[in-house]
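Note sheet for the following structure.
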Amino acid sequence: MAKPVGRILITNDDGIDAPGLKVLEDIARQFSDDIWVFAPDDNCSGYGRSLTLGKDLKVTHHGHQRMTCDGTPTDCMILAINHFMKDHKPDLVLSGVNLGMNIADDITCSGTIGAAWEAAVHNVPAIAMSQKYDRKRMDLDDPRVFDAAIAHAPKVLQQLLDEGWPKHIIMNINFPSVAADDVKGQKAVTVGRHKMSDDVLSGEGGENTYRIGNWNLREHLPMETDVGAVFDGYIAICPLSIDMTDYKFLNQLSQSA
């Protein structure tokens with residue numbers, strides 16, 4: 001049985017109607033009866049930790065403790081933690097379950113991680129969850145897409161909650177695109193590198209318009225990294241620190257100054 005958590009705030013970057021958010025709600029309710037949802041109105045994939053400045057944000061209520069805004073995932077966290085929940089802040093933020101990986105070079109682009117990052121900035125423990133999917137094996141609307149996350153997320157969350165982690169750490173979890181019974185296990189991993197280049201396509205707006213297409217992956221994916229683990233059928237668990245300082249090179253700079 002899941003260990004109870006006081007108040008859980010959930011969000012995502014795929015928008016309020018995303019299937020992954022419903023999956024996350026079902027997971028969260030195994031740990032708490034006090035669930036808040038604050039997500040973007042629409043898809044905000046690729047927004048990273050961007051926020052809205054210089055214009056109003058419209059908040060829409062969708063029932064008890066369920067809201068959206070027309071801004072970014074980070075906007076949602078700022079509004080929720082500093083205003084709507086300021087008198088009783090969440091004990092945990094869960095972001096996801098994102099449709100698609102958030103690993104390696106993609107991490108800073110991810111609105112899923114951006115929301116969790118903002119929560120950690122506000123000293124709220126945060127976990128981002130993403131589900132790899134195989135475009136060749138199934139369609140995006142295939143109900144089996146989230147099978148690995150549905151089956152394994154509760155256990156992984158319970159382990160993390162039992163272990164605990166510093167508040168300046170964001171826990172980033174990625175589930176492989178295999179059947180639930182075919183998941184090989186879980187690995188604690190480092191952030192990897194997987195992108196070699198991006199395809200730049202001609203845009204649909206005529207001359208001087210372009211569109212960023214698919215990225216091209218490196219041939220070698222080290223198994224000890226997040227990208228290697230997920231592609232090998234493991235659940236990848238990677239702690240990300242708000243403190244992005246490279247201390248080894250900092251010491252080198254300090255010695256040469």
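Numbers for the structure displayed
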quantity: Tally of residues being part of a helix (DSSP H, G or I) and surrounded by 24 or more Cβ atoms within 10 Å (Cβ to Cβ) across segment 101-112; calculated: 2
quantity: Residue under evaluation R137, criteria (1) at pLDDT below 95; (2) under 18 Å from the mean Cα position of the chain (by Cα), criterion not met; calculated: (2)
quantity: Strands (runs of 3 or more DSSP E) (entirely within segment 1-100) containing at least 3 residues that are surrounded by fewer than 19 Cβ atoms within 10 Å (Cβ to Cβ) and over 14 Å from the mean Cα position of the chain (by Cα); calculated: 59-61
quantity: Criterion (closer than 23 Å to D142 by Cβ, at pLDDT below 95 and among the hydrophobic types (A, V, I, L, M, F, W, C)) met by exactly one of M101, M1; calculated: M101
quantity: Residue match in segment 195-209 (condition: within 21 Å of A236 (Cβ to Cβ), surrounded by 18 or more Cβ atoms within 10 Å (Cβ to Cβ) and modelled with pLDDT under 95); calculated: no
quantity: Test: residue in segment 210-218 that is modelled with pLDDT of 80 or more, closer than 29 Å to A119 by Cβ and either hydrophobic (A, V, I, L, M, F, W, C) or under 17 Å from the mean Cα position of the chain (by Cα) (or both); calculated: no
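The values are calculated or read from the model by the stated rules, or taken from the named source; none is laboratory data. In this text the structure is predicted, and so the values were computed from the model without any measurement. Every residue, glycine as well, gets a Cβ built from its backbone with ideal geometry; the counts of neighbours run over all protein chains shown.
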